[in-house]
Amino acid sequence: MGDALISMTNTTLLLQVVLIPALAPLFVGVIRKMKAIMQNRHGASIVQPYRELRKLFTKEEIVSEDSSFIFLIAPFIVFAVTLVLGAMVPLFGLPAPLAGHGDLLTFISLVALAAFFLALSGLDAGGAFGGMGSSREMTIASMTEAGVLFSFLPVAFLAASADLSLMAERTGEFTGSGLVALLIALGGFFIALLAENARYPFDNPSTHLELTMVHEAMILEYSGRRLALMEWAAANKLFLFAIVGVQLFIPWMPAWAATAPLIALVAGLKIGLLAFAIAFVESTIAKLRYFRLPDLLLSSFMLGVIALILAAF
Amino acid sequence: MDTSLVAALLILDTAVFLAVVVMHLAKKHSALIALYAAQSIAVSGMLLLIAREEHSASTYAVAAAIFLAKGALVPWLLRRLLAKGNIPATSASYLSTPETLFGLLLVTLFVQTLLVPALADLVRSPGLAFLALSALFASLLLALTRKGALAQIVAILAIENSLVAFVMLLGLRTHALLEFGIVLDILVWAFVASAFVGMITRHFGSTDVTIMKQLSE
């Protein structure tokens, strides 16, 4: 019995570690396609991010003479962190392979670790843009982490557990004020998701204009394989946040979704819905001025606080 | 009150409260007016449910009058004022969005922890009283924090709507004629206020109270 459980966990671990990076570029491609359709453009194919990654992996890499080992190892650390995060989130209605080895605080700390190395790599090459991007990223991150934490806390409070798998299992049973708290927390989480993943209205993922860059400024010095890893890690992180959002805040499953493939299908539809929400926001809202960002980030934090108080009552 | 009526009233009362919460977040005057219309329709719906329970023809008539006056006529008047183009499309607030959310949190906590327990003997359902009172205090906060005159008019009308909802849920009803009179009062007040706002805009070129304050100095 114990061996069977270990074998199943190992299979799930392998599946999730492979599946999340494999599907993340597709998720980015779907968002881009949705945005193109909403903006009345034809847009690139949904597999375009894969083509971009393939191109970058085969390109020559140039590394600045002024950069240290931090610049060289940062892409591997950031990418590895997203793989570990991938093993921490529950998929297909099953507990996460790393369930019990870390809770929501571990999740948030790992996200912060990736952001730290990303910012460090931006500073390391000594370029003006990298420093500017790192400074902006850290300012935004300091407020975003509070939004992420406080959107998770009401769910943890109501589920009486900080384990992501247990939280995902129990959110479907929330009723009354618990349900209202969950929906308010979802609002806070969605704002934090956009900020954490450098999306509109916090950042423009496709800009290289010096006045508006945040994430792109930090990875400006990268090229070739390391740039591919950075781009892939960013896609992984966005996909992971979408999975966590769906699993924790939109947990309902129809009665007919009883088997693993059907559960995966419904989860896929819900992730598609979240992709639509991101594409809709990015097509209808302009990028906010940098000094207006704290307002929105503090709103995310306040929504979390309101949800937490509602959960406590 | 039977449970199905309480459940239906709870939905409409939630709509009254949520309308005020969204009003706090809305910046456009047109959105504020639309939300006020929706809130008024929810209040008339609540009265309609009570009229059905009481089998009272006069209450049905008052519900219809509220629907017509506050759900249609007053929003039309305010929209007409906006369409003249003298009033800006958006209204500013003294508070930022997180500060507004914090204010709303304090208001609802105050109602939940102090007012509802104090009124426990008077109200038929604590949940309904909580929502109506929260809507009342949230509307008051809206009137205090908005700078533009039109937004303040909408906030005062929202206070009146919340007050009607709360009084209705307390079971404090008066003669139908008096209730008609109140609806007529609101209508006349809206006419006078819209004419007054029009005059202020023509004379001073703005309805923003911060700009008008500078004019007096």
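Determine, yes or no, whether residue B:134 is closer than 20 Å to residue B:41 by Cα, within 14 Å of another protein chain (Cβ to nearest Cβ) and modelled with pLDDT of 90 or more.
yes
Collect the residues in the stretch B:98-123 that are at the interface with chain A (Cβ under 8 Å from one of its Cβ atoms), closer than 30 Å to residue B:211 by Cβ and either surrounded by fewer than 19 Cβ atoms within 10 Å (Cβ to Cβ) or at pLDDT below 90 (or both), keeping them in residue-number order.
Once the filter is applied, which keeps residues that are at the interface with chain A (Cβ under 8 Å from one of its Cβ atoms), closer than 30 Å to residue B:211 by Cβ and either surrounded by fewer than 19 Cβ atoms within 10 Å (Cβ to Cβ) or at pLDDT below 90 (or both), the stretch B:98-123 yields only B:102.
For (1) surrounded by 20 or more Cβ atoms within 10 Å (Cβ to Cβ); (2) at pLDDT 90 or above, each residue gets a yes or a no:
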{"position": "A:127", "(1), (2)": "no, no"}
{"position": "A:151", "(1), (2)": "yes, yes"}
{"position": "A:154", "(1), (2)": "yes, yes"}
{"position": "A:160", "(1), (2)": "no, yes"}
{"position": "A:180", "(1), (2)": "no, no"}
{"position": "A:189", "(1), (2)": "yes, yes"}
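Does the stretch B:19-30 hold any residues that are buried (at least 17 other Cβ atoms within 10 Å of the Cβ) and more than 14 Å from residue B:98 (Cα to Cα), and which are they?
Passing the criteria: B:19, B:20, B:23, B:29.
What number of residues within the stretch B:79-97 satisfy the criterion of being among the hydrophobic types (A, V, I, L, M, F, W, C) and modelled with pLDDT of 90 or more?
So the answer is 1.
Condition check ((1) buried (at least 16 other Cβ atoms within 10 Å of the Cβ); (2) closer than 24 Å to residue A:205 by Cβ; (3) of a type in the set (Phe, Trp, Tyr)) across all residues:
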| site | (1), (2), (3) |
| --- | --- |
| A:22 | no, yes, no |
| A:31 | yes, yes, no |
| A:37 | no, yes, no |
| A:42 | no, yes, no |
| A:59 | no, yes, no |
| A:71 | yes, yes, yes |
| A:88 | yes, no, no |
| A:109 | no, no, no |
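Scan the stretch A:264-277 and give yes if some residue there is over 26 Å from residue A:168 (Cα atoms), more than 9 Å from every other protein chain (Cβ to nearest Cβ) and surrounded by 20 or more Cβ atoms within 10 Å (Cβ to Cβ), otherwise no.
The answer is no; no qualifying residue exists.
It is to be established whether one or more residues within the stretch B:81-97 are part of a helix (DSSP H, G or I) and more than 22 Å from residue B:194 (Cα to Cα).
Yes, that holds for at least one residue.
Can you go through A:167, A:132, A:138, A:143 and tell me which one is in contact with a Pro (Cβ under 7 Å, 6 or more places away or on another chain) and at negative phi?
The unique qualifying residue is A:143.
Within the stretch A:171-287, considering only helices (runs of 4 or more DSSP H) that don't extend past its boundaries, which have at least 1 residues that are under 28 Å from residue A:16 (Cβ atoms) and of a type in the set (Asp, Glu)?
Here the list reads A:177-196, A:224-249, A:260-284.
Table: residues versus (1) touching a residue at least 12 places away in the same chain (Cβ under 8 Å); (2) basic (Lys, Arg); (3) within 25 Å of residue A:26 (Cβ to Cβ); (4) in a helix (DSSP H, G or I).
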residue	(1), (2), (3), (4)
A:43	no, no, yes, no
A:54	no, yes, yes, yes
A:66	yes, no, no, no
A:72	yes, no, no, yes
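State yes or no: is residue B:178 in a helix (DSSP H, G or I), free of Cβ contacts under 8 Å to residues at least 60 places away in the same chain and more than 17 Å from the chain's Cα centre (by Cα)?
Yes; evaluated as a whole, the condition is true for this residue.
Somewhere in the stretch A:97-106, is a residue surrounded by 14 or more Cβ atoms within 10 Å (Cβ to Cβ), modelled with pLDDT of 90 or more and under 24 Å from residue A:24 (Cα atoms)?
Yes, some residue in the stretch A:97-106 is surrounded by 14 or more Cβ atoms within 10 Å (Cβ to Cβ), modelled with pLDDT of 90 or more and under 24 Å from residue A:24 (Cα atoms).
Could you tell me whether residue A:142 is without any contact (Cβ under 8 Å) to a residue 12 or more places away in the chain and under 14 Å from the mean Cα position of the chain (by Cα)?
no
Here are A:243, A:250: which of them is under 23 Å from residue B:21 (Cβ atoms), away from every other protein chain (no Cβ under 14 Å) and touching a residue at least 24 places away in the same chain (Cβ under 8 Å)?
A:250
Given (1) within 14 Å of chain B (Cβ to nearest Cβ); (2) farther than 30 Å from residue A:159 by Cα; (3) more than 16 Å from the chain's Cα centre (by Cα), identify the lone condition not met by residue A:201.
Answer for residue A:201: the failing condition is (3).
Of A:297, A:288, which residue is at pLDDT below 95, within 14 Å of another protein chain (Cβ to nearest Cβ) and either closer than 18 Å to residue A:29 by Cβ or more than 17 Å from the chain's Cα centre (by Cα) (or both)?
Going through A:297, A:288 in turn, the sole match is A:288.
Within the stretch B:86-97, track down each residue that is crowded, with 17+ Cβ neighbours inside 10 Å and more than 14 Å from every other protein chain (Cβ to nearest Cβ).
Answer for the stretch B:86-97, where residues must be crowded, with 17+ Cβ neighbours inside 10 Å and more than 14 Å from every other protein chain (Cβ to nearest Cβ): B:87, B:91.
Checking residue A:246 against (1) surrounded by 20 or more Cβ atoms within 10 Å (Cβ to Cβ); (2) modelled with pLDDT of 95 or more, which single condition isn't satisfied?
Among (1) surrounded by 20 or more Cβ atoms within 10 Å (Cβ to Cβ); (2) modelled with pLDDT of 95 or more, the lone unmet condition for residue A:246 is (2).
Within the stretch A:295-313, how many residues turn out to be surrounded by fewer than 16 Cβ atoms within 10 Å (Cβ to Cβ), assigned to a helix (DSSP H, G or I) and touching a residue at least 24 places away in the same chain (Cβ under 8 Å)?
Matching residues across the stretch A:295-313 total 1.
In the set B:106, B:78, B:9, which member is in a helix (DSSP H, G or I), in contact with a helix residue (DSSP H, G or I) (Cβ under 7 Å, 6 or more places away or on another chain), more than 17 Å from residue B:166 (Cβ to Cβ) and not acidic (Asp, Glu)?
B:78
The values are calculated or read from the model by the stated rules, or taken from the named source; none is laboratory data. Treat the numbers as computed from the prediction; the structure is a model and nothing was measured. Here Cβ is always computed from backbone atoms with ideal geometry, including for glycine, and neighbour counts include all displayed protein chains.
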